[in-house]
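Right, one structure below, let's go through it.
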Amino acid sequence: MILGGLGAGLAGALAPAGSAATAGLAAMASRRGWFFGSAVRLEQLQAEPALRAAILQDCTMLTPEVDLKWNAVEPAPGRWSLGNIDGLVGFAAENGKAVRGHTLLWHRGTPAWVDQRLRDQRDWRLISRHFAALIPRHGDAITQWDVVNEPIETGYRMDGLRRNVFLEAFGPDYIRRALLEARALAPRARLMLNEYSLEYDSREERDRRYLLLKLVEGLKRSATPLDGIGLQGHLDLRKGTVATSSIAAFLKELADMDLEIVVTELDVKEADYTAPADVRDRMAADEVRRYLDTVLAQRRVSGVVTWGLSDRHSWLEVLEEDYRRFPGAWTKGEGPGLNRGLPYDAAMRRKPMYRAIEAAFQGR
């Protein structure tokens, strides 16, 4: 699905490149003091005029979906691959868009050679070199940096820190050191931690909220330059409905520590793939509306970024476990996409949550 059902529809999305956006989500968000953005890939913007036009109309903030991750920019020692991120930042600058720097340190975005070298040598100079290669390159064009992505892991350590190569090499202080390193290179950028699974009332997500707050409290006590928290916002209908009161209380604690809050990767994993297309769209949109009504009520929230504008390019897939939950629903070679009336192969269909985002931005 694309974030579907925006009132302007595709006719509005297909405005000429560079034209003023008057009815898109960017304008709606701006009127309320927020920004709206999306994760993007340069090659898709270049290949798909309708997607490009929708990005130009609806977004003021662009997140490189893959092109700033360490395994993308330096897949082998000294073999730099910066063309895509340079092109994306250039596209943003030409069209008056800001860029989120996603991400500097992430356990799943680290190339194998870096993993091995950090374990063998435990040399912080490798981190310093990586930051120095990326952060100054585009200067103030990148206004926010996810310095550490997904630092929390529940169920193992008392401090809740993820057991990743950075923790193994440098101990719990690696997060503070990374933020200090980033601040020295980007004195005006907003430096953030970005975390997932904070939206529901399972034990795991309650623990993750608690542990993230404890991490942030410690960083603030040590005067570490942390400006904000990214809430990934990967909603999941299999988990029930979002825990609105718990989310509101969690966000208040972050706000009380003077932190900016951004929804950074909003999307929805479906639960019932056998329902009619309009029902599936409505369930996804309703969950987004519940979430945003809660999040946007917090004064320290500055913006919302979705993980793509179209499910045509979504990272979310129908998994083997999904097929097992609906035995006999599809014949071999079929699935809950085209045969359920959802035009995944169409040129451009916005995700169903767009109507909910539009309504949330307009306060209705």
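The values are calculated or read from the model by the stated rules, or taken from the named source; none is laboratory data. Every value quoted in this text rests on a predicted model; they were computed, and no experiment measured them. Every residue, glycine among them, receives a Cβ derived from its backbone with ideal geometry; neighbour counts consider all protein chains shown. For accessibility, only protein heavy atoms count, side chains too; no ligands or nucleic acids. Shrake-Rupley method; radii C 1.70, N 1.55, O 1.52, S 1.80 Å.
Once Lys and Arg get +1 and Asp and Glu get -1 on their Cβ, which of Phe166, Val288, Leu237 lies farthest toward the positive end of the dipole of the chain?
The residue sitting farthest along the positive end of the dipole is Phe166.
State to the nearest 20 debye the size of the charge dipole of the range 107-235 about its Cα centre, where the only charges are +1 on K and R beta carbons and -1 on D and E beta carbons. Intermediate results must be reported in sequence, preceding the final value.
Numbers: 22 positive and 19 negative charges, 83 e Å.
So the dipole magnitude of the range 107-235 works out to roughly 400 debye.
Any chance you could give the angle, 0 to 90 degrees and rounded to 10, that helix 112-121 forms with the longest Cα principal axis of the chain?
20 degrees
Can you compute the helix-only [θ] at 222 nm over the chain? Use -39500 (n - 2.57) per DSSP H run of at least 4 residues, normalise by all residues, nearest 500 deg cm²/dmol.
On the way: 15 runs with 149 residues, N = 364.
Theoretical 222 nm ellipticity from helices: -12000 deg cm²/dmol.
Lys/Arg Cβ at +1, Asp/Glu Cβ at -1, dipole of the range 243-338 taken about the Cα centre: which of Gln298, Tyr323, Ile261 is farthest positive-ward?
Result: Gln298, furthest along the dipole toward the positive end.
Relative to the longest principal Cα axis of the chain, at what angle does helix 174-185 sit, 0 to 90 degrees, rounded to 10?
Approximately 90 degrees, to the nearest ten.
About its Cα centre, what dipole magnitude does the chain give when the only charges are +1 on Lys and Arg Cβ and -1 on Asp and Glu Cβ, stated in debye to the nearest 20? All intermediate terms of the calculation are to be shown ahead of the outcome.
Values: 50 positive and 49 negative charges, 110 e Å.
Computed charge dipole of the chain: roughly 520 debye.
Hey, any idea what % of the chain's accessible area is carbon plus sulfur with a 1.4 Å probe?
Working: 7440 of 15150 Å².
C and S fraction of accessible area: 49 percent.
Let me check I've understood the local charge: for Arg300, count other residues with C-beta under 10 angstrom from its C-beta, Lys and Arg +1, Asp and Glu -1. What total comes out? Display every interim value, and only then the final one.
Working: positive: Lys252, Arg299; negative: Asp256, Asp258, Glu260.
In short, -1.
Return one number: the angle in degrees, 0 to 90 and rounded to the nearest 10, between the long axis of the Cα atoms of helix 244-256 and the longest principal axis of the Cα atoms of the chain.
40 degrees
Past 21 Å, Cα to Cα: identify those pairs from Lys69/Lys269; Lys220/Lys252; Lys97/Lys269, in the order given.
Numbers: Lys69/Lys269 24 Å; Lys220/Lys252 16 Å; Lys97/Lys269 28 Å.
Violating the 21 Å Cα-Cα cut-off are Lys69/Lys269; Lys97/Lys269.
Which distance in Å, rounded to a whole number, links the C-alpha centroids of the range 186-239 and the range 37-57?
28 Å
Taking K and R as +1 and D and E as -1, what net charge do the other residues with C-beta under 9 Å from the C-beta of Glu260 add up to?
That works out to 0.
Run the quick spin-label model on Ala47 and Ser202: label points 7 Å from Cα toward the beta carbon, then report their separation in nm to one decimal.
The answer from the label model is 3.3 nm.
Could you work out how far the C-alpha centroid of the range 87-101 sits from that of the range 252-293, in angstrom?
Value for the Cα centre distance between the two parts: 26 Å.
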